[in-house]
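Report on the following structure.
The values are calculated or read from the model by the stated rules, or taken from the named source; none is laboratory data. Being a predicted model, the structure only gives us computed values, none of them experimental. Glycine gets a Cβ as well: all are built from the backbone with ideal geometry, and neighbour counts include every protein chain shown. Just so you know, the surface numbers come from the protein's heavy atoms only, side chains and all, with ligands and any DNA or RNA stripped out. Shrake-Rupley method; radii C 1.70, N 1.55, O 1.52, S 1.80 Å.
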Amino acid sequence: YLETTAFVDHDAAPIQDFLKRLPASTGMARIQRINQAVHGALRYTLATAPLTASEILKGGRGDCTEYARLFSAVARAAGFPTREVSGMAYAGDSDPGFAFHAWAEVYVDGRWIPVDPTWNQVPPDATHITLSRDDPAAIVGVLGGLNAKVLNIQR
């Protein structure tokens, strides 16, 4: 989870430069700063093509997959093992229901911590349901047949 991959090109100059501009910190404080920086670096839009993290950073926009991929690259550049996660998350009260979503997990302080740079959450809220790690294609067959019912909501 520290290797460069076809899409997580954390050794690329734009990723390294982005990391160098962040204030120095360690551990969870470093993860929170990376998460906030990635959240602020992109404008949310539905993406249609698979891009490398450096291409995502250059374009400055993407959906949850691009946020997770860019976070993974920057965190790996900082020396943190990181993996992308695919699953479902509560989409909001205006149209209640769960939707496909992507976020990341980072290994820090001896454990895997979920991080959602799209929604700027460290850790994400309890509505995130992991269905796959590293391979979003693994959940495609589940999406049409998944049924969930919210039994209780506390405010």
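Summary of values
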item	result
Where labels lie 7 Å past Cα in the beta-carbon direction, separation of residue 32 and residue 45 in nm	3.2
Binned Cα-Cα distances of the range 70-134, short to long, each 10 Å bin given as a whole percent	22, 53, 20, 5
Global geometry of the range 53-92, whether rounded, prolate or oblate, following the gyration tensor of its Cα atoms and the 1.5 cut on a/c	oblate
Of the trypsin sites (Lys or Arg not before Pro) in the range 1-95, those whose Cβ has at most 13 other Cβ within 10 Å and which sit in DSSP loop	21
Alpha carbon convex hull of the chain, volume per residue in cubic angstrom	126
Accessible area of the chain belonging to carbon and sulfur atoms, whole % at 1.4 Å probe	52
Solvent exposure of the range 24-141 as accessible area per residue, Å², 1.4 Å probe	46
